[in-house]
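Structure first, then comments.
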């Protein structure tokens, strides 16, 4: 009798344990697995670890746990989802990039020729190259040119004047592969529109031997245009596209602290009208037909920041039509299109008061690229889309007006922008 009672007690205890385990498995264990990291494994029978639908309130946390939502919206726009074999791929809209780096080496003297080829000096290997519109790059010469500091290109052929740090100058014709040494006391070169002549300042030791001159590119057939005296620093040699002007000079009548006369110097002693510029720190360049001049100056009315102006500069219209373009940048950061109506400029996003005194202040400031209508003043931003913050050093456009090339003060190479 005692043995049967013991057996019943043992069986009762076993039954109680089994019932307790069953209750725990149904009510507690199922709940914990349903709400745990493998919930979808219980619901779908797969082991993807991905939610079947919906978005979480914490996208960052989902990414950390490799949980990607099948639908949803990001700050870049609507997310498109594709599901294949339990894998979810999310793709965001791609913003087309209009800017590419077409030359990776450090370059000097970047220039687009009349055939839309980009010419440049590679400061890394000391060679000159040309890049054609199709993208192929070839050397202009097998010769190595060490430590070229400045390059002035002919507008009509592959002829260039090269300046070295020690002050020596040579004229090199890449078409004929011929080199000529020019006098070391010549400076500030400019080719004529046809490329058949050059103009420069001949700055000798004696004051009376300093002249504005013209010559053949090889230095022969020298013509004296105007004496320079002690004013060489006030003269800029710049042959106008219409051949009427060979240089400009800030040696006009005094008109106040922030107003001065800009004189135009012709080849034959012409008495051109002066252009009155409202500021200091003059930088200028000709329009493609030579009828207008783009220039930048600074004055107190504009917090001493550089400001762009346009003015007529041909014949009887010289000095007329002067108007500000209401853009704070320097003229050497701009380039005309081939028709001369639009000018493309790198414009700093911010400039401190007094920036006009020293352009290097903006060497680390990001630029925006703008197309400016010189007739209406309308400004249109051209996006530079390559994920870099550019500070434009030089700009050149192809003759079709479809492509713009620029160099950067802080990044090496040449960049191309499709317009």
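Read the figures in this text as sums done on the coordinates, not as results from a lab. Nothing here was measured: the structure is a model prediction, and the numbers come from that model. Positions of Cβ are backbone-derived with ideal geometry, glycine not excepted, and every protein chain shown enters the neighbour counts.
Starting from a Cα-only point model with no solvent, please compute log10 I(q)/I(0) by Debye for the range 215-271 at q = 0.23, 0.24, 0.30 1/Å. So the normalised log intensities are -1.04, -1.10, -1.33. With a simple spin-label model that places each label point 7 Å from the Cα along the Cα-to-Cβ direction, the separation between residue 230 and residue 139 comes to 4.9 nm. Measuring r between the beta carbons of residue 179 and residue 221 and using R0 = 30 Å, the FRET efficiency lands at 0.95. Start at zero, step by 5 Å, and the Cα-Cα distances of the range 207-355 spread as 2, 9, 18, 21, 19, 15, 10, 5, 2, 0 percent across the bins.
What is the ratio of the Cα radius of gyration of the range 100-209 to 2.2 N^0.38 Å, with N the residue count, to two decimals?
The value comes to 1.12.
When both the range 347-413 and the range 143-200 are represented by their alpha-carbon centers, they are found 27 Å apart. For 270, 201, the sequence from fewest to most other C-beta atoms within 10 Å is 270, 201. With the convex hull drawn over the C-alpha atoms of the range 355-403, the volume per residue is 118 Å³.
Please report the equivalent ellipsoid semi-axes of the range 274-419, computed as sqrt(5 x eigenvalue) of the Cα gyration tensor, largest first, in whole Å.
Equivalent-ellipsoid dimensions as semi-axes: 24, 20, 12 Å.
Sort 196, 390 by Cβ crowding within 10 Å, fewest neighbours at the top.
196, 390
Using the Kirkwood radius over C-alpha pairs as Rh, can you work out the diffusion coefficient of the range 321-386 via Stokes-Einstein at 20 °C, viscosity 1.002 mPa s, in µm² per second? Approximately 168 µm²/s, per Stokes-Einstein.
Shape analysis of the range 274-318 based on the Cα gyration tensor places the equivalent ellipsoid semi-axes at 22, 11, 7 Å, largest first. Among 293, 110, rank each residue by its count of other Cβ atoms within 10 Å, from fewest to most, as a rough exposure measure. Fewest-to-most Cβ neighbours within 10 Å comes out as 110, 293.
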